[in-house]
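In what follows, a structure is listed as structure tokens, so that the remarks can point back to it.
The values are calculated or read from the model by the stated rules, or taken from the named source; none is laboratory data. Quantities reported herein were computed from a predicted structural model and do not represent experimental measurements. Here the Cβ positions follow ideal geometry from the backbone for every residue, glycine too, while neighbour counts run over all protein chains shown.
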Amino acid sequence: MAKITTTKEAAKKPVKAEKPAEKKTEKKVENAPIKLHLIEPRETEKTYLVEKYRTYVFPVNSSISKQSIADLIEKEFNVKVAKVRVLNRKGKKMLYMKTRRASAITTHANQKYAYVTLKEGSKIKLSSEQTETEAEKKEKK
């Protein structure tokens, strides 16, 4: 049987001192250098059209900021960045067949692209340009 305590007995028991609530200290995370998702710019027909305005398109990590993108491009390609615009694309929904009679819907991953405009006189050499110049050199020989 359970023992029933009276108020007098409860008063005699020592009360445990409650510990003061510990303050949660937030750890400050310094901005660690984030590398670009792909170091090379995208090479599509649309990006070739904007290159005449000294704008290059880079797929980047979704958590990277505009200032970090500008710093990384300047360090990686030794160019001066005039401005950075960012495009966030939501992943598209896709229907796929699980079995002959059952289908399911999934989504592609979200994407983030940085449109980097360079200052006058700056240029980034693309891999396709490098291969063309190498091919031209071989033809001349």
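Can you work out which of the residues in region 65-84 that are out of contact with any helix residue (DSSP H, G or I) (no Cβ under 8 Å at 6 or more places or on another chain) and under 17 Å from GLN111 (Cβ atoms) is surrounded by the fewest Cβ atoms within 10 Å (Cβ to Cβ)?
The selected residue is SER65.
From VAL81, VAL50, VAL15, grab the single residue that is modelled with pLDDT of 90 or more and either over 25 Å from the mean Cα position of the chain (by Cα) or under 25 Å from LYS123 (Cα atoms) (or both).
Numbers: VAL50 fails: modelled with pLDDT of 90 or more; VAL15 fails: modelled with pLDDT of 90 or more.
When all the criteria are applied, what remains is VAL81.
Of the residues ALA114, ALA104, which single one is on the phi < 0 side of the Ramachandran plot, of a type in the set (Gly, Ala, Ser) and exposed (fewer than 11 other Cβ atoms within 10 Å of the Cβ)? Talk me through it step by step, then tell me what you get.
On the way: ALA114 fails: exposed (fewer than 11 other Cβ atoms within 10 Å of the Cβ).
The match here is ALA104.
When the residues of region 33-44 are narrowed to those that are within 19 Å of LYS125 (Cβ to Cβ) and surrounded by fewer than 17 Cβ atoms within 10 Å (Cβ to Cβ), which ends up modelled with the lowest pLDDT?
LEU38
Between a first residue in region 95-118 that is over 21 Å from ASN61 (Cα atoms) and a second residue that is among the β-branched types (Val, Ile, Thr) and loosely packed, with under 10 Cβ neighbours inside 10 Å, which pairs have beta carbons less than 6 Å apart while being 6 or more apart in sequence or on different chains?
LEU95/ILE105
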